[in-house]
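Please read the structure below before turning to the comments.
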Amino acid sequence: MKVFYPALRPLLFRIDPERAVRLAISGLKLAPLSPRGANDPILASTVAGIGFPNPIGLAAGFDKNAEVPMQAAGLGFGFVEVGSLTPRPQVGNPLPRVFRLKDDEAIINRMGFPNEGIEKGVKRLRRMRFSHGSARTGVNVGANKDSEDRIADYEACITLAAPVADYLTVNISSPNTPGLRELQSKDALHELLSRCLIAREHREVPLFVKVAPDLTDRDIADIAEVVQETGVDGIICTNTTVSRAPDLRSSASSETGGLSGPPLREMALAVLKAFRQATGGRIPLVGVGGIASADDAYERIRAGASLVQLYTALVYEGPSLPKDMAEGLADHLRADGFSSVADAVGADAPKVAAP
Ligand SMILES: Cc1cc2nc3c(=O)[nH]c(=O)nc-3n(C[C@H](O)[C@H](O)[C@H](O)COP(=O)(O)O)c2cc1C
């Protein structure tokens, strides 16, 4: 595939981006279920009590309906986050709603959570539950666009997904559901997360919260405080950005929606560093946004990420990327004398005084 993808890419890029993902999912359905090759033991880690064979994950949004998590893991990911899933199925925003910014190797999407609904996703995961291999599956949940009680939507999804998920993600950072990101404000977040943790009940499923990159220092301080107060297990930094760097070169850069890929990299890294600083390394962080190589993954880990995720780079680099990144990351760890991923987490982060 490493050899074929550069030849295949121009053909794939002639197809509408959303249809290309549908095609990739159909292709993956035909792929073998077992992970390709063994993971290097140096890459194994335990985060929020869960064992991960390697720290490189597929971010939410690719496998929205939990159709191919095992096959995606077979590309070399240590974990796959499915969703976002909402209580009721919904069609999302009008087409077209995903745009490639080829000259920037980026994507803008305004999909608005099209999905088949949590029940269907959970049903699929239940059928797969015992044939995962060692890769982990996270279930990312959101609220329906027309919901009258958004917090109740998250609770309903969590109750249903907890028995089939290795971890759960409360996604409050999609820019494409109007008003959703207001749940990141302090009081709303406190209520949301407290109720989500109750919905999870006594199941030992870690609960992560996924935040936007478009946050002020005050927002970050507030979110870090609420996460620690409520006992949420981790923070995924970050979702796509509504901002536009002035140096974007592609004509599609003026489309409305969330921007992902390299133009998001520095912003997502800065937010991760700020959360590391604000939480003092007490809460596991997942780094996502513009990660496209082993170097990027290693930088994010040294900045404080226990795990990393990617989506956009898979579109531009092709299916051999996760395996190549895992190998490159193992090389970096050994070259710098670390004996595990955990040893390298936060190696570059400034020391924070104990509270
Ligand atoms: C087409 C597309 C759809 C996405 N859908 C979701 C989603 O449903 N839920 C979510 O939490 N994030 C979603 N994301 C955001 C990604 O999970 C990720 O946070 C973001 O793209 C930054 O990572 P990247 O630069 O590696 O793509 C989506 C991203 C893209 C490109």
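The values are calculated or read from the model by the stated rules, or taken from the named source; none is laboratory data. Predicted, not measured: the structure shown is a model, and the values here were computed from it. Quick reminder, even Gly has a Cβ in these numbers, built from the backbone with ideal geometry, and neighbours come from all protein chains shown. Areas reflect the complete protein model, heavy atoms only, side chains present, ligands, DNA and RNA absent. Shrake-Rupley method; radii C 1.70, N 1.55, O 1.52, S 1.80 Å.
If a residue has to be more than 21 Å from the chain's Cα centre (by Cα) and either closer than 22 Å to Ala73 by Cβ or of a type in the set (D, E, K, R) (or both) to count, how many in the stretch 137-149 make the cut? First the steps, then the outcome.
Filtering the stretch 137-149 down to residues more than 21 Å from the chain's Cα centre (by Cα) leaves 146-149.
Checking the rest, the ones that are also either closer than 22 Å to Ala73 by Cβ or of a type in the set (D, E, K, R) (or both) come to 146, 148-149.
The qualifying residues number 3.
Which ones in the stretch 254-288 are assigned to a loop (DSSP other than H, G, I, E, B), open to solvent by less than 40 Å² (accessible area, probe 1.4 Å) and within 15 Å of the ligand (Cβ to nearest atom)? Those that are assigned to a loop (DSSP other than H, G, I, E, B), open to solvent by less than 40 Å² (accessible area, probe 1.4 Å) and within 15 Å of the ligand (Cβ to nearest atom): Gly257, Gly261.
Of all the listed residues (Tyr311, Tyr316), the sole one being within 16 Å of the ligand (Cβ to nearest atom) and in contact with a strand residue (DSSP E or B) (Cβ under 7 Å, 6 or more places away or on another chain) is Tyr311.
Within the stretch 119-159, the residues that satisfy the criterion of being of a type in the set (Val, Ile, Thr) and within 13 Å of the ligand (Cβ to nearest atom) are Val139, Val141. Checking each residue in the stretch 193-220 for being among the aliphatic types (A, V, I, L, M) and farther than 22 Å from Leu264 by Cβ picks out Leu193, Leu197, Ile198, Ala199, Val205, Leu207. Outside any strand (DSSP E or B), under 18 Å from the mean Cα position of the chain (by Cα) and under 17 Å from Leu310 (Cβ atoms), is that true of Ala60? When the stated conditions are applied, Ala60 passes them. Within the stretch 321-348, count every residue that is within 16 Å of the ligand (Cβ to nearest atom) and not hydrophobic (A, V, I, L, M, F, W, C). Number of matching residues: 2. On the given criteria, is Arg249 within 16 Å of the ligand (Cβ to nearest atom), open to solvent by 10 Å² or more (accessible area, probe 1.4 Å), in a loop (DSSP other than H, G, I, E, B) and basic (Lys, Arg)? Against the criterion (within 16 Å of the ligand (Cβ to nearest atom), open to solvent by 10 Å² or more (accessible area, probe 1.4 Å), in a loop (DSSP other than H, G, I, E, B) and basic (Lys, Arg)), Arg249 does not qualify. For the stretch 80-103, the candidate set comprises residues that are more than 13 Å from the ligand (Cβ to nearest atom) and not in a loop (DSSP other than H, G, I, E, B); within that set, the residue that is most open to solvent (accessible area, probe 1.4 Å) is Lys102. Considering only residues in the stretch 306-340 that are outside any helix (DSSP H, G or I), among the small types (Gly, Ala, Ser) and in contact (Cβ under 8 Å) with a residue 60 or more places away in the chain, the one that is farthest from Arg265 (Cα to Cα) turns out to be Ser339.
Within the stretch 104-115, restricting attention to residues that are among the hydrophobic types (A, V, I, L, M, F, W, C) and in a loop (DSSP other than H, G, I, E, B), the residue that is surrounded by the fewest Cβ atoms within 10 Å (Cβ to Cβ) is Met111.
One residue stands out in the stretch 226-242 among those that are away from the ligand (no atom under 16 Å from the Cβ) and on the phi < 0 side of the Ramachandran plot: the one that is surrounded by the most Cβ atoms within 10 Å (Cβ to Cβ), namely Val227.
Taken over the stretch 289-306, the residue count meeting the criterion of being of a type in the set (Gly, Ala, Ser) and more than 15 Å from the ligand (Cβ to nearest atom) is 3. Taking the stated definitions as given, is Asp222 under 21 Å from Arg181 (Cα atoms), more than 9 Å from the ligand (Cβ to nearest atom) and of a type in the set (D, E, K, R)? Considered against the rule, which asks whether it is under 21 Å from Arg181 (Cα atoms), more than 9 Å from the ligand (Cβ to nearest atom) and of a type in the set (D, E, K, R), Asp222 comes out as yes. Of all residues in the stretch 341-351, exactly one satisfies the criterion of being surrounded by fewer than 18 Cβ atoms within 10 Å (Cβ to Cβ), of a type in the set (Gly, Ala, Ser) and part of a helix (DSSP H, G or I), namely Ala342.
Yes/no matrix, rows are residues, columns are (1) under 14 Å from the mean Cα position of the chain (by Cα); (2) on the phi < 0 side of the Ramachandran plot:
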residue	(1), (2)
Thr216	no, yes
Asp219	no, yes
Leu248	no, yes
Arg282	no, yes
Gly290	yes, no
Ala297	yes, yes
